[in-house]
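What follows is a single structure, written as structure tokens, with notes after it.
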Amino acid sequence: MNFLKITQMKEQRGQVTIFIIIAVVLVLGIILFFLAREGIVFGGVPREFETVYGYYISCIEDEVKLGSLILGEQAGYIEVPAFSPGSVYMPFSSQLDFLGNPVPYWHYISGNNVVEEQVPGLDSIEQQLDEFVQERIVDCDFSQFVEQGYSVFLENNAVVESKIKESMIEAEVNQELSIYFGNNSYTTESHFISVDSSFGRLYETAKKIYDDFKETKFLEEYGVDIMRLYAPVDGTEITCSPMVWNIGSVRENLTQALETNIGFIKVKGNYYKIQNEDNNYFVHDVGDSVDMNVNFLYLREWPMKIEVWPSDGNVLQASPVGLEEGYGVLGFCYVPYHFVYDFGYPVLIQLYENDELFQFPVVVFINKNKPREAVSGESKVQPVPELCLYKNTKMKVYTSDFEGNPVQASISFECFDSSCSIGTSVIKNNDALLEADFPQCYNGFVVARAGGYETTKVLTSTIQEQEISVLMKKTYSHTIVIKKNGIDLTDKEYALVVFKKEQGETIINYPEKKEILLSEGQYQIKVYVYSQLNILLQGEPVSTCVDIPVSGVSSLFGQIEEKCFSYEVPDQEITTGISGGGNQLYYASESELETSNNIILDVSNFGVPTRVEELQINNNFAENSRINIFME
């Protein structure tokens, strides 16, 4: 075979190869054309289902945003830790009431004088967000698409894994979604979303400020300065008259000073401008420049701890002293004073970026005129409880109402002071059932929560496998109406209303809040109606005598004379007091709750106190008088 023939054969083979490639491309193009015409898209959602699926994804995104909003408003908690009350000795509970919403303290002093921290770790925050989204996305409303002819089926069980990053929140959701339209269908179960969010940056900056607060005590340092500027602490006055301070007035001065000064505090950053060099006093450096808004807040209605030594009831008193022997010729006296304070109050620290907020409160405490002891190191975060890491007992939990109707509920398990989420009961075959592994615990509580139902706890031991039935009571929203002898309260009156039940109690400040959720059962209801008063406690005249050196030449021989001074304890004004109220046991039946919208509490009118003695009399009346209760 000569060279020319070999060359011709190679050219023919190359042409055949090109024709084969062109044919394959044409066939694939035709297949893709017909698939696209039928609405089928590789690697994505079929075109005719894109709107439905897009809504589902937006539903997940909305719940992630809502969860992060709640976490920011509640110091990194969606479900706040169990409430721990304060005491007369130390009035700080575990939560700060901010505009009617509970915000858990990151640092506070408990009622029994123990320093407590409850700082959520990022892993704990992510777990809370996972559970929140899991519980809520099953309620995504596809009714608008059903009206257009779609059939949509969403699996009740969802597993969410979120990751909070500096400028976004990512969430991976495993939940089966099936969409049908005509003869076509689409099913998918793995979904991924990413939401722009500053939550991660806000949280990390909040932790940095908190750790610095613990170590440097900068808020206590400001507090000491405020106390020394606005309250009598140390000093000497040239006078021969006793000096007297009313503790109530001292407290009011400090309250006003905190309201005025706390808001000026800044952390070093670029979110403000210093107009006057003197204002640099209020700028604190936490180590890095902060590029988001940071606000410090104190409100007068928040609890305050103030105790002063030495004191005489509600009065601080310093007596005059004559000068030492030999100096009496000068003929003057002086009054030295030194008072020791325990002084504590909350400060709410708020961080803003764009439209997002993260806030957490701390208790600032000055102990015997000195800032509390510094605590070095990072904050003690609350990790995922160890209890939740070892789930090895299989359990079946059925949730229903008292009529046997299945109730889809979120299930958690409590053992001593630990709590962990287990899952959600799913309605199938007219039963709401959760089959899951529980941690082992003797005498723990299975806790069921569902919208429209009272949170229910069932005592059980999870040492071995078993089935548990949880019966849940429906809750009904009612509007409270307070009357005194059948007459509505005036705009100068308010009431404190307590609904106490075996499961706990609800306290309402009326008329700021009027709505309450009630379930069937027996309540102890207490009402205290307060009216504006103008009772003046007259100041008490006091006389005291001291020995001082006599004036003139006689003082050289050590002669002294007695001088007596008279003064009055300052007047005190009482502006509010009980004018009505009562106490009553009441059983609310389900039929009664279901058919009514209002609960009317008609209490006795004791009259507005005009004398101090009547304050205690009315208080006794409120404890022993009956309440007329009506449902309508």
- Item | Meets criteria (surrounded by fewer than 12 Cβ atoms within 10 Å (Cβ to Cβ) and out of contact with any helix residue (DSSP H, G or I) (no Cβ under 7 Å at 6 or more places or on another chain)) for residue 486 | yes
- Message: Residue under question is residue 209, and the condition is that it be surrounded by 14 or more Cβ atoms within 10 Å (Cβ to Cβ), among the aliphatic types (A, V, I, L, M) and not in a helix (DSSP H, G or I); does it hold?
- Response: no
- Task: Hey, could you check the range 488-519 for residues that are under 28 Å from the mean Cα position of the chain (by Cα) and not in a strand (DSSP E or B) and say which is modelled with the lowest pLDDT?
- Result: 503
- In this structure, does residue 202 turn out to be of a type outside the set (S, T, N, Q) and more than 24 Å from the chain's Cα centre (by Cα)? no
- Message: Restricting to the range 243-288, and then to whatever is under 23 Å from residue 227 (Cβ atoms), surrounded by fewer than 16 Cβ atoms within 10 Å (Cβ to Cβ) and over 30 Å from the mean Cα position of the chain (by Cα), can you tell me which residue is modelled with the lowest pLDDT?
- Response: 278
- In the set 102, 85, which member is part of a loop (DSSP other than H, G, I, E, B) and either free of Cβ contacts under 8 Å to residues at least 40 places away in the same chain or under 19 Å from residue 306 (Cβ atoms) (or both)? 85
- Note on the structure: Condition set touching a helix residue (DSSP H, G or I) at 6+ places or on another chain (Cβ under 8 Å) and of a type in the set (Phe, Trp, Tyr), scope the range 194-242, selection nearest to residue 361 (Cα to Cα): answer is 213
- Could you tell me which of the residues 54, 121, 72 is at pLDDT 90 or above, touching a Leu at 6+ places or on another chain (Cβ under 9 Å) and farther than 25 Å from residue 450 by Cβ? 72
- Message: For the list (1) among the β-branched types (Val, Ile, Thr); (2) out of contact with any Lys or Arg (no Cβ under 7 Å at 6 or more places or on another chain); (3) without any contact (Cβ under 8 Å) to a residue 40 or more places away in the chain, I need the number of the one condition that residue 236 fails.
- Response: (3)
- Query: Quick check, is residue 405 without any contact (Cβ under 8 Å) to a residue 40 or more places away in the chain and not charged (D, E, K, R)?
  - Reply: yes
- Task: Would you check if residue 116 is of a type in the set (D, E, K, R), assigned to a strand (DSSP E or B) and either without any contact (Cβ under 8 Å) to a residue 60 or more places away in the chain or surrounded by fewer than 20 Cβ atoms within 10 Å (Cβ to Cβ) (or both)?
- Result: yes
- Which residues, counting only those in the range 429-478, are within 21 Å of residue 506 (Cβ to Cβ), hydroxyl-bearing (Ser, Thr, Tyr) and surrounded by 12 or more Cβ atoms within 10 Å (Cβ to Cβ)? 453, 455, 456, 475, 476
- Task: With the checklist (1) part of a loop (DSSP other than H, G, I, E, B); (2) in contact with a helix residue (DSSP H, G or I) (Cβ under 7 Å, 6 or more places away or on another chain) in hand, flag the one item residue 273 doesn't pass.
- Result: (2)
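The rows are residues; the columns are (1) among the charged types (D, E, K, R); (2) assigned to a helix (DSSP H, G or I); (3) in contact (Cβ under 8 Å) with a residue 12 or more places away in the chain; (4) not assigned by TED's automatic domain parsing to the domain that holds residue 340.
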position	(1), (2), (3), (4)
192	no, no, yes, yes
227	no, yes, yes, no
251	yes, yes, yes, no
261	no, yes, yes, no
- Message: With the structure loaded, tell me whether residue 455 is of a type in the set (Ser, Thr, Tyr) and touching a strand residue (DSSP E or B) at 6+ places or on another chain (Cβ under 6 Å) or whether it fails that test.
- Response: yes
- Item | Which listed residue, of 78, 70, is touching a residue at least 60 places away in the same chain (Cβ under 8 Å) and of a type in the set (Val, Ile, Thr) | 70
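The values are calculated or read from the model by the stated rules, or taken from the named source; none is laboratory data. None of the values given here were measured: they were computed from a predicted structure. For neighbour counting, all protein chains shown are included, and Cβ atoms are generated from backbone atoms with ideal geometry for every residue, glycine included.
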